[in-house]
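Structure first, commentary second.
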Amino acid sequence: MSAVVHEFTAEIPRWSPYVTPVDLAQATPEQLDAMQVTPSNKKISDYVLTLAHDPESLKVRSPLFNAIMYGKGGLSSAERELGAVAASIVNACVYCAAVHASRFNSLTKRPDVIEEIFDKGLDAELEEHQQAIFDFAAKLSKTPSEATADDIARLAELGLSKVELLDLVLSAAIFGWANRLMHTLGEPVRD
């Protein structure tokens with residue numbers, strides 16, 4: 001029996017789609033190309049298999065997502081993950097919060113940061129640099145106009161370059177979109 005997940009955790013739940021994902025064995029050449037399936041790479045998530053119903057969009061989505069979250073230079077991977085966690089908390093996307101909290105923990109070896117966030121939500125008290133990143137991503141996710149020039153100046157004072165600031169904006173923004181896709185296409189469950 002499965003239970004719908006309602007609490008934030010770094011333990012990644014299973015994502016259960018509302019629509020039947022594309023059957024990899026029956027996928028069209030366009031779908032396989034969009035999923036970047038190769039003979040040695042056949043482990044495709046149900047999420048990607050669900051998105052593969054629209055291969056044209058998926059073919060654009062994956063490189064964009066990967067460039068924002070895993071691009072070289074700019075904001076560190078851990079800080080991008082922290083921005084994704086903040087957006088996912090605001091948008092109540094349990095699945096995305098878990099995935100990116102887990103990645104943050106793996107990159108930083110600091111599970112205490114995520115524990116604080118999951119315990120206190122947007123009221124979490126973090127070290128100054130992480131707090132500024134978390135708060136800015138949360139503001140962008142909640143109401144973009146709440147993120148002000150003062151917030152940007154504060155991040156710059158803490159050492160973020162213009163490229164790093166852009167990476168933070170992009171990581172929060174892509175999760176505003178990704179969280180909504182997750183919510184409308186399926187739900188996280190614990191088996």
(message) If the reach is capped at under 13 angstrom between alpha carbons, list the aspartates and glutamates near LYS59, excluding any in the same chain fewer than eight residues apart.
(response) GLU30, ASP33
(request) Please give the per residue accessible area of the chain, computed with a probe of 1.4 Å over protein heavy atoms only, in Å². (result) 53 Å²
(request) Give me the accessible area of ASP167, 1.4 Å probe, in Å² rounded to the nearest 10. (result) 20 Å²
(request) Determine the share of the range 6-75's accessible area contributed by carbon and sulfur atoms, expressed in whole percent, with a 1.4 angstrom probe. (result) 55 percent
(message) Run the paramagnetic zone check for VAL19: 7 angstrom along Cα to Cβ, then residues of the range 52-79 with backbone nitrogen under 18 Å.
(response) 52-62
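For VAL169, what is the net charge nearby, where nearby means another residue's Cβ is under 13 Å from its Cβ and Lys, Arg count +1, Asp, Glu -1? Kindly include the intermediate steps, with their values, before the conclusion.
Working: positive: ARG80, LYS139, LYS162; negative: GLU79, ASP151, GLU164, ASP167.
Spelling it out: positives minus negatives among the neighbours equals -1.
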(request) Place +1 on the Cβ of every Lys and Arg and -1 on the Cβ of every Asp and Glu in the chain, take the dipole about the Cα centre, and give the residue among LEU166, ASN179, PRO29 whose Cα lies farthest towards its positive end. (result) PRO29
(request) Enter the accessible area of TYR70 (Å², nearest 10), with the probe set to 1.4 Å and all protein chains included. (result) 90 Å²
(request) Note down the accessible area of THR184, probe 1.4 Å, to the nearest 10 Å². (result) 100 Å²
(request) Could you pull out every one of the lysines with an alpha carbon less than 30 Å from that of LYS120, ignoring same-chain neighbours closer than 8 positions? (result) LYS109, LYS139, LYS142, LYS162
(message) Considering only protein heavy atoms and a probe of 1.4 Å, how much of the accessible area of the range 85-191 is carbon and sulfur, as a whole percent?
(response) 55 percent
(request) Rank these by accessible area, largest first, 1.4 Å probe: THR148, THR20. (result) THR20, THR148
(message) Using alpha carbons only, how many angstrom separate the centre of the range 121-191 from the centre of the range 61-100?
(response) 9 Å
(message) Can you match mean projected area of the Cα convex hull in nm² to one of these, (i) 12.2; (ii) 11.7; (iii) 10.9, based on a calculation from the structure here?
(response) (ii)
(request) Calculate the spin-label point distance for GLU128 paired with GLU146, positioning each point 7 Å from the Cα along the beta-carbon direction, and give it in nanometres. (result) 2.4 nm
(request) Could you work out the local net charge near ARG61, counting Lys and Arg as +1, Asp and Glu as -1, over the other residues with Cβ closer than 15 Å to its Cβ? (result) -2
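The values are calculated or read from the model by the stated rules, or taken from the named source; none is laboratory data. What you see is a predicted model, and the numbers here were worked out from it, not measured in a lab. Here Cβ is always computed from backbone atoms with ideal geometry, including for glycine, and neighbour counts include all displayed protein chains. Quick note on the areas: whole protein, heavy atoms, side chains included, nothing else; ligands and nucleic acids left out. Shrake-Rupley method; radii C 1.70, N 1.55, O 1.52, S 1.80 Å.
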